[in-house]
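Working notes, structure below.
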Amino acid sequence: MISAIELLFNPKKSIYKSLRKIIGFYPSNIAIYEIAFLHRSASIKGKNGIFINNERLEYLGDAVLDAVIAEYLFFRFPDADEGFLTQMRSKIVKREFLNELAIELGLDKYVVSHLKSENKNKNIYGDALEAFIGAVFIDKGYEKSKRFLLFNVINKYIDINKLTQIDTNYKSQLIEWAQKFKKEISFETDIDVRHPNLFISYVLIDREVVSSGMGPSKKEAEQGAAKLALNNV
């Protein structure tokens, strides 16, 4: 752990203090956090010739977040069944929600990206949050990662009781509406040829396209398309 004397003369003392406000304790390995904020578009080449960015940390942070949220919900709702717990976890870890959390925490100020403003979307902030969680795990281990998520994220920014009242499965809602009004409904989803990293989904009601949605996964694209369709029917 960095000492007060070391911090006083450290050229990066401002980022140490900023990170302490976010995670609740001083980081030990500042370099890992800097990587967590490095979007793929701003990758740097390491000494071994491998490009460095936050994608590996994002993968790790995603797993840590899932584990912490699953444990929290398991004990928070002792009588809930698996379906309820899974749905609640999905509401918390969905990309839209993580983007908002990243901005609430102020992580968006540190993200390094070479994307043009018109191509930039808020998903890079949610991705950075997951990478940041991965960095905390590498730097401090699971228990401190859990402490950070419980006290500095969940208790501070997430209204669990409110989340239980929100139905965010728009695809399911749309299918129920179609069944109620005897409408034929289908989804056509594929990789967007203009944006190879994104999926695009179309909702067809009675074989006519009524909405479309895009997302980094097939599920998110379909949910986005379904949400727009619900606003149009």
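The values are calculated or read from the model by the stated rules, or taken from the named source; none is laboratory data. Model, not experiment: these values are computed from the prediction. Neighbour counts are summed over all protein chains in view; Cβ atoms, including those assigned to glycine, are modelled from backbone coordinates with ideal geometry.
Under 6 Å between Cβ atoms, at least 6 apart or on separate chains: pull out the pairs that start in the stretch 152-167 with a residue that is in contact (Cβ under 8 Å) with a residue 40 or more places away in the chain and end on any residue that is surrounded by 11 or more Cβ atoms within 10 Å (Cβ to Cβ) and of a type in the set (Gly, Ala, Ser).
Cβ pairs passing all conditions: Asn152/Gly24.
Go over the candidates Leu228, Leu198, Leu204 one by one and state the one that is aliphatic (A, V, I, L, M) and assigned to a helix (DSSP H, G or I).
Leu228
Consider Asn155 against the criteria (1) assigned by TED's automatic domain parsing to the domain that holds Ser43; (2) surrounded by 14 or more Cβ atoms within 10 Å (Cβ to Cβ); (3) not aromatic (Phe, Trp, Tyr): it satisfies all of them except one. Which criterion is unmet?
Here Asn155 clears every test but (2).
Among the residues of the stretch 187-233, how many are of a type in the set (S, T, N, Q) and crowded, with 16+ Cβ neighbours inside 10 Å?
5
Residue by residue, here is whether (1) among the aliphatic types (A, V, I, L, M); (2) outside any loop (DSSP other than H, G, I, E, B) holds:
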residue	(1), (2)
Leu115	yes, no
Tyr125	no, yes
Ala131	yes, yes
Asp139	no, yes
Asn155	no, yes
Ser172	no, yes
Asp190	no, yes
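Considering only residues of the stretch 1-59 that are of a type in the set (D, E, K, R) and over 25 Å from Asn152 (Cα atoms), which is modelled with the lowest pLDDT?
Only one residue tops the list, namely Glu6.
Given the structure, is Glu104 within 18 Å of the chain's Cα centre (by Cα), surrounded by fewer than 16 Cβ atoms within 10 Å (Cβ to Cβ) and at negative phi?
Answer is yes for this residue.
Can you work out which of the residues in the stretch 79-92 that are among the charged types (D, E, K, R) and in a loop (DSSP other than H, G, I, E, B) is nearest to Ser217 (Cα to Cα)?
Here the residue is Asp81.
A quick yes/no check of all residues on (1) without any contact (Cβ under 8 Å) to a residue 60 or more places away in the chain; (2) in contact with a strand residue (DSSP E or B) (Cβ under 8 Å, 6 or more places away or on another chain); (3) within 21 Å of Lys218 (Cα to Cα):
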position: Phe74; (1), (2), (3): yes, no, no
position: Phe77; (1), (2), (3): yes, no, no
position: Lys94; (1), (2), (3): no, no, yes
position: Lys116; (1), (2), (3): yes, no, no
position: Leu129; (1), (2), (3): no, no, no
position: Leu150; (1), (2), (3): no, no, no
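Considering each residue of the stretch 129-168, count those that are of a type in the set (D, E, K, R), modelled with pLDDT of 95 or more and more than 17 Å from Phe25 (Cβ to Cβ), and give that number.
1
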